[in-house]
Amino acid sequence: MDDLLQLEVRDLEVPVLTGIYSEETHLPQPLRISVIVDLDVRAPFAPGTHMSASKNYMDLKRAATEALPKDVHFVLIEGVADHIADTLLIGDARVARVEVRIVKLAIAENGESIGIRRVRYRR
């Protein structure tokens, strides 16, 4: 089995235009977004290894926040997840796999997590 480096950003609360019901389509909904990236790196990391040998965690955060278009309505949260995954896969050839978890905060009644988990692989 190959070595693996996973980077992750969890539980970002992001307002996104999404939904299929009339009450959902005119205002952004709060989504809780988590992103895990499998990075294809082989060498071990010595204490002095330069940052360029890995990936900036903030790239994951930006893909789930700033890179989401503010004026686009995503009918399904699956589309939000695909947009985040595409941003990360296109942005760095070392990204081998992206996992995006999205929880729709507005529909939770008793603190439960209702949402999706989308996994995309580099092809």
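Scanning the range 17-75 for residues that are under 24 Å from residue 108 (Cα atoms) and among the acidic types (Asp, Glu) gives 23, 24.
Note on the range 39-58: among residues that are assigned to a helix (DSSP H, G or I) and modelled with pLDDT of 85 or more, the one that is nearest to residue 5 (Cα to Cα) is 57.
Within the range 34-61, residues that are within 13 Å of residue 95 (Cα to Cα) and without any contact (Cβ under 8 Å) to a residue 40 or more places away in the chain have Cβ atoms under 7 Å from residues that are open to solvent by 80 Å² or more (accessible area, probe 1.4 Å) and among the hydrophobic types (A, V, I, L, M, F, W, C) in these pairs: 53/45, counting only partners at least 6 apart in sequence or on another chain. Which of the residues that make up the range 16-35 are buried (at least 21 other Cβ atoms within 10 Å of the Cβ) and in contact with a helix residue (DSSP H, G or I) (Cβ under 7 Å, 6 or more places away or on another chain)? If the condition is that a residue be buried (at least 21 other Cβ atoms within 10 Å of the Cβ) and in contact with a helix residue (DSSP H, G or I) (Cβ under 7 Å, 6 or more places away or on another chain), then 16, 18, 31, 33, 35 are the ones that fit.
Note on the range 59-75: among residues that are at pLDDT 95 or above, assigned to a loop (DSSP other than H, G, I, E, B) and closer than 22 Å to residue 114 by Cα, the one that is least open to solvent (accessible area, probe 1.4 Å) is 68.
The set of residues in the range 41-58 that are open to solvent by less than 50 Å² (accessible area, probe 1.4 Å) and β-branched (Val, Ile, Thr) contains only 41.
For residue 90, the requirement of being outside any loop (DSSP other than H, G, I, E, B) and touching a helix residue (DSSP H, G or I) at 6+ places or on another chain (Cβ under 6 Å) is not met. If the condition is being under 27 Å from residue 4 (Cα atoms), among the aliphatic types (A, V, I, L, M) and open to solvent by less than 60 Å² (accessible area, probe 1.4 Å), then the range 86-123 contributes 88, 89, 95, 96, 98, 100, 102, 103, 116, 119.
The values are calculated or read from the model by the stated rules, or taken from the named source; none is laboratory data. Please read these numbers as outputs of a predicted model, since none were measured by experiment. Ideal geometry is used to build each Cβ from the backbone, glycine not excepted, and the neighbour counts take in all protein chains shown. For the accessible areas, the whole protein counts, side chains as well, though only heavy atoms, and no ligand, DNA or RNA atoms are used. Shrake-Rupley method; radii C 1.70, N 1.55, O 1.52, S 1.80 Å.
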